[in-house]
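What follows is a single structure, written as structure tokens, with notes after it.
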Amino acid sequence: MHEPMASEEGQGTNSGKDGGKRAGFWKKSENLPKFSDDAQRRAFQNILRFFAVFIVLTLIARGTSSATLAVVSVTGVQRAEITDAVGGAANVVQRNLIDITVPSGLTVKEVFIAVGQYVKAGEAVAGFDVDLLRELLTRENAALDKQLLQLEKLVRVQTADSFSLTSAEAVYENAKADYDAVKASSAASVASAKKALTKAKEERDRALEHCKELEAESAPEAEIEAAYAVLHIAEGAVKEAEAALAAAEKKADADNKASETKLKDAETSLERARKSYEEALQQTSDANNQNRIEATTLRLDIEKQRAVVEALKALLDDEGILYTGIAGTVAKTLAAGQKTDSGIAGSLYGESDGFYAQMRLKSADAEKLAVGDVCEVTTGGGNLYYRPTVSGTISEIGEADDSGGVTVVISLPSGDWKNGQSVQAQVVRSKNTYNMCLPVSAIRSDQNGYYVLVVTQSKTVLGIENIVRYVPVTLLAADGSYAAVDGAIARDTLIITRTSKAVEVGDRVRVDGA
């Protein structure tokens with residue numbers, strides 16, 4: 001068994017240089033596993049299986065991970081010109097569009113002009129039925145008479161009724177006079193009763209003193225008794241006087257209270273009458289003011305109604321034919337059978353070519369503009385490389401309405417304008433070229449300011465990975481397409497402009513097209 005192997009080795013040895021290499025290999029191979037050994041063979045096969053499974057799982061993991069990663073579109077910085085401008089769509093309006101007015105409610109019988117036709121002053125515009133004109137004139141005259149009658153009522157000045165107040169004042173004055181008279185009479189009665197009582201007391205005291213004197217002089221009994229009889233009579237007079245005074249005071253108090261009650265009632269009635277009169281005065285004043293306002297409005301309506309009547313009379317005088325008083329090009333006209341509900345039978349463009357454009361802007365944008373600013377107006381036509389542009393001037397900037405919109409009026413130079421034409425208008429505030437510009441879709445912001453998300457590459461066991469990084473930037477300028485920035489961005493930096501789903505710093509992503 002060993003001889004063939006030795007022979008093969010000898011053959012290998014005799015084959016020159018290659019034979020030497022093979023000989024060296026066989027010597028080294030003595031240390032390799034002997035596949036004749038089943039245990040070694042199985043171990044080697046397990047190792048092969050492990051590496052095969054590892055490779056397969058790695059490929060599956062990379063494929064699955066790539067399928068779930070966000071797909072991002074990237075760009076690099078570039079040199080660009082950024083225009084700071086304010087503007088938008090605008091509509092051209094002819095300044096001297098003049099309506100041909102006619103009373104409303106008429107039906108056009110025939111039309112003598114057509115849109116686009118040039119008419120001279122005094123030319124016939126339309127014809128109306130004469131019988132219907134007479135009927136309408138009768139109705140409008142009646143309406144005018146009704147308005148005049150209503151005006152006559154409104155101009156009458158209303159006055160407040162003062163009868164109740166005058167009556168209350170008279171009752172109060174009478175009650176006051178009665179009160180003063182009763183009070184004076186009561187005071188006089190009490191004073192008289194007091195005076196009588198005082199006199200009675202004086203008579204009693206003199207009679208008592210006389211009795212004492214007679215007793216002291218030991219006068220005869222008859223004389224003393226006579227004196228006491230007089231004293232008794234005087235004491236009775238005092239009691240009567242006291243009773244009379246009490247009665248006088250009681251009556252005076254009752255009479256005073258009664259007259260005072262009447263006076264207070266009269267005073268209350270007077271205050272009530274005064275308040276009612278003041279309310280009546282205010283109501284009358286309000287009514288007069290309202291009537292004056294309504295009369296002012298009604299006078300305007302009367303003037304309009306008189307104009308309608310005069311217009312109908314003029315149409316009747318012209319046998320139902322409406323003539324234009326100016327020359328111009330017909331912009332609009334009614335058709336036969338239509339009614340003049342809007343009071344307009346047609347419109348003319350005057351002979352001058354004054355045009356302006358109206359543009360609607362947000363209030364914040366309008367605040368950047370001023371009257372007199374030059375405005376670039378781009379008209380229709382042109383081609384991919386050239387669009388006709390003329391210069392207008394902002395002549396008016398309106399006030400913001402409830403929705404926050406502002407109307408800007410742009411005076412246009414002479415040209416081939418058409419009423420209702422759509423144009424684009426903008427005021428260029430500045431134009432500058434910047435070396436580091438990005439699409440506006442790449443610019444993001446948070447509480448710290450502006451930033452961009454960039455893609456950086458790193459090597460891993462799974463290969464090259466694209467990682468999202470955060471780079472702060474300073475926004476220098478921007479328009480609708482590009483933004484100029486300043487920041488730590490190299491020329492070859494891959495800057496994210498769009499993502500298939502939300503990404504955060506540190507996320508792995510897949511670059512679109514890579």
*Which of (1) outside any helix (DSSP H, G or I); (2) surrounded by 15 or more Cβ atoms within 10 Å (Cβ to Cβ) does Asp161 not meet, given it meets every other one?*
(2)
_Let me spell it out: the conditions are (1) without any contact (Cβ under 8 Å) to a residue 40 or more places away in the chain; (2) touching a Leu at 6+ places or on another chain (Cβ under 9 Å), and Lys459 meets all of them except one. Which number is the exception?_
(2)
*When the residues of the stretch 354-375 are filtered to those that are among the hydrophobic types (A, V, I, L, M, F, W, C) and surrounded by fewer than 16 Cβ atoms within 10 Å (Cβ to Cβ), which remaining residue is nearest to the chain's Cα centre (by Cα)?*
Ala364
*Among (1) farther than 30 Å from Leu148 by Cβ; (2) of a type outside the set (Val, Ile, Thr); (3) touching a strand residue (DSSP E or B) at 6+ places or on another chain (Cβ under 7 Å); (4) part of a helix (DSSP H, G or I), which single condition is Leu315 missing?*
(1)
*Which of the residues that make up the stretch 486-507 are of a type in the set (D, E, K, R) and either outside any strand (DSSP E or B) or not assigned by TED's automatic domain parsing to the domain that holds Gln78 (or both)?*
Arg491, Asp492, Lys501, Glu504, Asp507
*asked:* Among the numbered criteria (1) free of Cβ contacts under 8 Å to residues at least 12 places away in the same chain; (2) under 24 Å from Asn256 (Cα atoms), which one does Phe163 miss?
replied: (2)
*Tell me which residues, restricted to the stretch 276-303, are surrounded by 12 or more Cβ atoms within 10 Å (Cβ to Cβ) and either more than 46 Å from the chain's Cα centre (by Cα) or under 21 Å from Ser104 (Cβ atoms) (or both).*
Leu298, Arg299, Asp301, Ile302
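Quick grid of which residues meet (1) of a type in the set (A, V, I, L, M); (2) outside any helix (DSSP H, G or I); (3) in contact with a Gly (Cβ under 7 Å, 6 or more places away or on another chain); (4) surrounded by 15 or more Cβ atoms within 10 Å (Cβ to Cβ):
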{"site": "Ala227", "(1), (2), (3), (4)": "yes, no, no, yes"}
{"site": "Val238", "(1), (2), (3), (4)": "yes, no, no, yes"}
{"site": "Ala246", "(1), (2), (3), (4)": "yes, no, no, no"}
{"site": "Glu249", "(1), (2), (3), (4)": "no, no, no, yes"}
{"site": "Ala254", "(1), (2), (3), (4)": "yes, no, no, no"}
{"site": "Leu270", "(1), (2), (3), (4)": "yes, no, no, yes"}
{"site": "Arg274", "(1), (2), (3), (4)": "no, no, no, no"}
*Could you figure out which of (1) closer than 13 Å to Ile100 by Cβ; (2) more than 44 Å from the chain's Cα centre (by Cα) isn't true of Asp317?*
(1)
*Tell me which residues, restricted to the stretch 191-227, are hydroxyl-bearing (Ser, Thr, Tyr) and at pLDDT below 90.*
Ser218
*Could you run through the stretch 486-504 and say how many residues are more than 30 Å from Val428 (Cβ to Cβ) and surrounded by 12 or more Cβ atoms within 10 Å (Cβ to Cβ)?*
6
*Can you name the residue in the stretch 134-161 that is aliphatic (A, V, I, L, M) and at pLDDT below 90 and, of all such residues, is farthest from Leu106 (Cα to Cα)?*
Ala160
*May I ask you to say which residue of Gly415, Gly420, Gly381 is touching an Asp or Glu at 6+ places or on another chain (Cβ under 9 Å) and at pLDDT below 85?*
Gly415
*Please determine, by comparing only the residues of the stretch 84-111 that are of a type in the set (A, V, I, L, M, F, W, C) and within 27 Å of Lys304 (Cβ to Cβ), which one is surrounded by the fewest Cβ atoms within 10 Å (Cβ to Cβ).*
Leu97
_So Ala114 passes all but one of these: (1) at pLDDT below 90; (2) in the same structural domain as Lys264 (by TED's automatic domain parsing); (3) surrounded by fewer than 13 Cβ atoms within 10 Å (Cβ to Cβ). Which condition number does it fail?_
(2)
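Would you mind listing the strands (runs of 3 or more DSSP E) fully within the stretch 403-485 where at least 1 residues are of a type in the set (Val, Ile, Thr), surrounded by 12 or more Cβ atoms within 10 Å (Cβ to Cβ) and more than 39 Å from the chain's Cα centre (by Cα)? Spell out how you get there, then give the answer.
Values: elements: 405-411, 422-439, 444-446, 449-460, 463-478.
Output list reads 449-460, 463-478.
The values are calculated or read from the model by the stated rules, or taken from the named source; none is laboratory data. These figures come from a predicted structure and were not determined experimentally. Cβ sites come from the backbone with ideal geometry, for glycine too, and all protein chains shown count toward neighbours.
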